[in-house]
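**Q** I am attaching a structure below and will ask some questions about it afterwards.
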Amino acid sequence: MPAAQALLPELIALSDALYERPELGYEEFFACEQHTALLERHDFAVERNCCDLPTAYSAVFDSGKPGLTVAFLAEYDALPGIGHGCGHNLLGAASLGAGILLAQMLEQTGGKVIVFGTPAEETSGAKVQFARAGKFDSVDLAMLSHPTSSAWRRSGSSLALQPLQFEFFGKTAHAASHPWDGINALDAALIAMTAINALREHIRPDSRVHGIIVEGGQAANIVPEYCKVQYYIRSTTKSYNTILTKRIQKCAEAGALATGCRVEFSEFEAPYDNLITNQALMDVFDEALYALRGIHLAPADQNMGSTDMGQVSQACPAIHPYFDIANGTPANGHSRELAACTRTPYAYESMRDAACAMALTALRVLQDPELYARIRAEFEAAEK
């Protein structure tokens, strides 16, 4: 696409600027300003401080004609110590590129394009707050493309994630002279963790339960009056994860009952829904990529983590494909090596093609109501 090649210098400048000034989640003030300035230069109407998040934004280009609403999700937070080792500097540039390219074609199709600037994907995920605020409810399809050090590949599923904290409250006593006067909060936690380990036999094999003791006492000669435990509970669907979370809570309640402690539950981070890749939409992206590069996407990786893109995919048809930026260079995710890969000519070309493929995917759907009907039907039928 000639328009994409003409836009590429601006996208490279954006990505490189963020590489030089990496910012952690909810601290991405420079990145947010760089993103919004570029979008405004291309006639997007920008709302800053979106969802009352200082480093979030929503940028809209409306054709003024009836049609679908397409959203591209931009991320731009870095990692502590290693900067853009997850490639979000390139991810954001690709999403902005897709939005700008699609905006240039809306005159022929009608509809609206939105670029959502969503900070803090690496920690508590602003897409969760966006979803709670209903930002995706009027979106007809959504996408982003994520850098990787392996082959271009399809997005698959991710695990629903429930962060669960339980705090046990007991009573101090001298652990040698009067231990019977104490109520041991650490014992309550250990009983709870033992019960959770026993539960593992009875949970689905694709679920994950892993946790730590954050606070467990101050001195060995004092019966601990307070203990804080944090767990991540993950499953392939949020519906089963809700069931599993209740069972984990019962284990904690058992520890409190056995020791006489009181237990309180809370979320220590935002929960993530499971990602549901819309395969019909993914097929359109694959066709667009083949037209651009002569390659098809590799199958989805079956090793799953969790992402706040799950919230988006529960609200509207969505995809989360991956684009190669390493070209065979050994580079793990979340590494300095991957960060270095984001500044190579090969990575810039891949970012350009990811932007083009997303824009062409959206264009194809905007032009074909029957195709969108199939995409929507798959979304409605998917297990949430």
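The values are calculated or read from the model by the stated rules, or taken from the named source; none is laboratory data. Predicted model only: the values in this text are computed from it and were never measured. FYI the Cβ positions are ideal-geometry reconstructions off the backbone, even for glycines, and counts take in every protein chain you see.
The rows are residues; the columns are (1) modelled with pLDDT under 95; (2) under 26 Å from the mean Cα position of the chain (by Cα); (3) surrounded by fewer than 19 Cβ atoms within 10 Å (Cβ to Cβ); (4) not aromatic (Phe, Trp, Tyr).
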residue: LYS171; (1), (2), (3), (4): no, no, yes, yes
residue: ILE183; (1), (2), (3), (4): no, no, no, yes
residue: ALA195; (1), (2), (3), (4): no, no, yes, yes
residue: LEU199; (1), (2), (3), (4): no, no, yes, yes
residue: ALA219; (1), (2), (3), (4): no, no, yes, yes
residue: LYS238; (1), (2), (3), (4): yes, yes, no, yes
residue: LYS246; (1), (2), (3), (4): no, yes, yes, yes
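**Q** Determine whether the stretch 202-215 contains at least one residue that is loosely packed, with under 14 Cβ neighbours inside 10 Å, in a strand (DSSP E or B), outside the structural domain of ALA94 (by TED's automatic domain parsing) and among the hydrophobic types (A, V, I, L, M, F, W, C).
**A** There is at least one residue in the stretch 202-215 that is loosely packed, with under 14 Cβ neighbours inside 10 Å, in a strand (DSSP E or B), outside the structural domain of ALA94 (by TED's automatic domain parsing) and among the hydrophobic types (A, V, I, L, M, F, W, C).
**Q** Another question, then. So, in the stretch 257-270, of the ones that are in a loop (DSSP other than H, G, I, E, B) and touching a helix residue (DSSP H, G or I) at 6+ places or on another chain (Cβ under 7 Å), which residue ends up surrounded by the most Cβ atoms within 10 Å (Cβ to Cβ)? Before you say what the answer is, go through the steps one by one.
**A** Of the stretch 257-270, the ones in a loop (DSSP other than H, G, I, E, B) are 260-261, 267-270.
Filter once more, keeping what is touching a helix residue (DSSP H, G or I) at 6+ places or on another chain (Cβ under 7 Å): 261, 270.
Working: CYS261: 27, ALA270: 19.
My answer is CYS261.
**Q** Of the residues that sit in the stretch 234-246 and are touching a strand residue (DSSP E or B) at 6+ places or on another chain (Cβ under 9 Å) and assigned to a helix (DSSP H, G or I), which one is farthest from HIS210 (Cα to Cα)?
**A** The first filter runs over the stretch 234-246 and keeps only residues touching a strand residue (DSSP E or B) at 6+ places or on another chain (Cβ under 9 Å), leaving 234-245.
This time we only want the ones that are assigned to a helix (DSSP H, G or I), so: 238-245.
On the way: LYS238: 17, SER239: 19, TYR240: 17, ASN241: 14, THR242: 16, ILE243: 16, LEU244: 13, THR245: 12 Å.
Here the answer is SER239.
**Q** Would you pick out the residues in the stretch 263-277 that are hydroxyl-bearing (Ser, Thr, Tyr) and farther than 23 Å from ALA373 by Cα?
**A** Within the stretch 263-277, the first condition is being hydroxyl-bearing (Ser, Thr, Tyr), and the residues that meet it are 266, 272, 277.
Within the stretch 263-277, SER266, TYR272 qualify.
**Q** A follow-up question, please. Cβ-Cβ under 9 Å, sequence separation 6+ or interchain: first residue in the stretch 143-157 and closer than 20 Å to ARG343 by Cβ and assigned by TED's automatic domain parsing to the domain that holds LEU96, partner in a strand (DSSP E or B) and of a type in the set (Val, Ile, Thr). Which pairs?
**A** Once the first residue is closer than 20 Å to ARG343 by Cβ and assigned by TED's automatic domain parsing to the domain that holds LEU96 and sits in the stretch 143-157, its partners that are in a strand (DSSP E or B) and of a type in the set (Val, Ile, Thr) give SER145/ILE319.
**Q** Identify, please: which residue in the stretch 1-15 is over 15 Å from ALA37 (Cβ atoms) and touching a residue at least 24 places away in the same chain (Cβ under 8 Å) and is, among those, surrounded by the most Cβ atoms within 10 Å (Cβ to Cβ)?
**A** ALA4
**Q** Looking at VAL70 and the list (1) of a type in the set (Val, Ile, Thr); (2) under 20 Å from ILE319 (Cβ atoms); (3) in a loop (DSSP other than H, G, I, E, B), which single condition is not satisfied?
**A** With respect to (1) of a type in the set (Val, Ile, Thr); (2) under 20 Å from ILE319 (Cβ atoms); (3) in a loop (DSSP other than H, G, I, E, B), VAL70 is out only on (3).
**Q** I'd like the residue in the stretch 36-66 that is assigned to a loop (DSSP other than H, G, I, E, B), touching a strand residue (DSSP E or B) at 6+ places or on another chain (Cβ under 7 Å) and in contact (Cβ under 8 Å) with a residue 60 or more places away in the chain and, out of all such residues, is surrounded by the most Cβ atoms within 10 Å (Cβ to Cβ).
**A** It comes out as ALA56.
**Q** What do you reckon, is ALA254 in a helix (DSSP H, G or I), of a type in the set (A, V, I, L, M, F, W, C), in the same structural domain as THR194 (by TED's automatic domain parsing) and out of contact with any Phe, Trp or Tyr (no Cβ under 7 Å at 6 or more places or on another chain)? Give the derivation first.
**A** Numbers: in a helix (DSSP H, G or I): yes; of a type in the set (A, V, I, L, M, F, W, C): yes; in the same structural domain as THR194 (by TED's automatic domain parsing): yes; out of contact with any Phe, Trp or Tyr (no Cβ under 7 Å at 6 or more places or on another chain): yes.
When the stated conditions are applied, ALA254 passes them.
**Q** Considering each of LEU289, LEU281 in turn, give the residue that is more than 21 Å from the chain's Cα centre (by Cα), touching a residue at least 12 places away in the same chain (Cβ under 8 Å) and in a helix (DSSP H, G or I).
**A** LEU289
**Q** Can you tell me which residue in the stretch 336-384 is modelled with the lowest pLDDT, limited to those that are outside any helix (DSSP H, G or I) and surrounded by fewer than 24 Cβ atoms within 10 Å (Cβ to Cβ)? Full working, then the answer.
**A** Initially, the stretch 336-384 is screened for residues outside any helix (DSSP H, G or I), giving 342-344, 368, 382-384.
Now narrow it down to the ones that are surrounded by fewer than 24 Cβ atoms within 10 Å (Cβ to Cβ): 343-344, 368, 382-384.
Values: ARG343: 96, THR344: 96, ASP368: 97, ALA382: 92, GLU383: 79, LYS384: 76.
The extreme case among them is LYS384.
**Q** Could you check the stretch 17-60 and list, in sequence order, the residues that are acidic (Asp, Glu), under 22 Å from the mean Cα position of the chain (by Cα) and over 25 Å from LEU106 (Cα atoms)? Reasoning before the result, please.
**A** Restricting attention to the stretch 17-60, the residues satisfying the condition of being acidic (Asp, Glu) are 20, 23, 27-28, 33, 40, 43, 47, 52.
From the residues that got through so far, the ones that are under 22 Å from the mean Cα position of the chain (by Cα) too are 23, 27-28, 33, 47, 52.
Listed by number, the residues that qualify are GLU23, GLU27, GLU28, GLU33, ASP52.
**Q** Moving on. Can you find a residue in the stretch 72-90 that is out of contact with any strand residue (DSSP E or B) (no Cβ under 6 Å at 6 or more places or on another chain) and over 30 Å from ARG336 (Cβ atoms)?
**A** Taking every residue of the stretch 72-90 in turn, none turns out to be out of contact with any strand residue (DSSP E or B) (no Cβ under 6 Å at 6 or more places or on another chain) and over 30 Å from ARG336 (Cβ atoms).
**Q** Hey, any hits in the stretch 52-63 for a residue that's among the hydrophobic types (A, V, I, L, M, F, W, C) and within 25 Å of ALA331 (Cα to Cα)? Walk me through how you get there before you give the answer.
**A** Taking the stretch 52-63 and keeping what is among the hydrophobic types (A, V, I, L, M, F, W, C), we get 53, 56, 59-61.
So of that shortlist, the ones also within 25 Å of ALA331 (Cα to Cα) come out as none.
No - not one qualifying residue is present in the stretch 52-63.
**Q** Give the stretch 158-169 a look and list any residue that's surrounded by 18 or more Cβ atoms within 10 Å (Cβ to Cβ) and either among the polar types (S, T, N, Q) or under 16 Å from the mean Cα position of the chain (by Cα) (or both), or say none. Steps first, answer last, please.
**A** Quick first cut of the stretch 158-169, residues surrounded by 18 or more Cβ atoms within 10 Å (Cβ to Cβ) only: 158-164, 166-168.
Those that are surrounded by 18 or more Cβ atoms within 10 Å (Cβ to Cβ) and either among the polar types (S, T, N, Q) or under 16 Å from the mean Cα position of the chain (by Cα) (or both): SER158, LEU159, ALA160, LEU161, GLN162, PRO163.
**Q** In the stretch 278-300, what residues are among the β-branched types (Val, Ile, Thr) and over 14 Å from TYR372 (Cβ atoms)? Give the steps one after another, and end with the answer.
**A** So the first thing to find is which residues in the stretch 278-300 are among the β-branched types (Val, Ile, Thr), and the list is 284, 295.
Selection gives ILE295 alone.
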